[in-house]
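First the structure, in the form of structure tokens, and then the observations on it.
The values are calculated or read from the model by the stated rules, or taken from the named source; none is laboratory data. Worth saying up front: this structure is predicted, and the values here are computed from it rather than measured. All Cβ positions, glycine included, derive from the backbone under ideal geometry; neighbour counts span all protein chains shown. Each accessible area value is taken on the protein alone, full model and side chains, heavy atoms only, with ligands, DNA and RNA left out. Shrake-Rupley method; radii C 1.70, N 1.55, O 1.52, S 1.80 Å.
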Amino acid sequence: TGDYNGIHVWDAYARRFGFPHAFPHPQRVAAICQSRLPAMRTDVQTLELWIKGPVFYDRAVRLDVCGEPDDCAFGLALEPEGRHALCGRWQE
């Protein structure tokens with residue numbers, strides 16, 4: 001993503017800013033989620049994304065998906081609490 005902020009690399013640096021651990025860029029997490037969704041049939045697509053909190057490295061997560069390949073809603077939930085850290089809607 002071109003952002004070299006230490007909160008995405010080092011736990012100690014992330015703690016200085018109030019986070020318990022380092023975490024990847026939300027855009028990267030969203031791309032990983034999209035890579036696990038059904039492929040779109042067209043080149044023209046829209047992604048609506050709500051970033052609700054960080055997804056820390058080495059945490060258990062669950063990808064919740066509903067809808068069809070041309071209009072798919074998804075949420076990435078942190079386990080065990082089940083809170084969605086990332087929610088999106090990907091559509092043609």
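List of remarks:
- Dipole magnitude of the chain, debye to nearest 20 (Cβ charges: Lys/Arg +1, Asp/Glu -1, about Cα centre): 400 debye
- Take every pair of alpha-carbon atoms less than 8 Å apart whose residues are at least six positions apart; their mean separation over the length of the chain yields a relative contact order of 25 percent.
- Remark: the residue 49-residue 68 segment gains 5.1 nm on full extension, using 0.36 nm per residue and subtracting the alpha carbon distance.
- Percent accessible area from carbon and sulfur atoms, the chain, protein chains only, probe 1.4 Å: 53 percent
- The heavy atoms of residue 33 offer some 10 square angstrom of accessible surface to a 1.4 angstrom probe.
- Modelled label positions at residue 5 and residue 17, each set 7 Å beyond Cα in the direction of Cβ, lie 0.4 nm from each other.
- Positive-pole candidate from 69, 54, 9, dipole of the chain, charges at beta carbon: 9
- Rolling a 1.4 Å probe across all protein chains gives residue 17 an accessible area of roughly 120 Å².
- Ordered from longest to shortest, the equivalent ellipsoid semi-axes for the chain are 27, 15, 9 Å, each the square root of 5 times a Cα gyration tensor eigenvalue.
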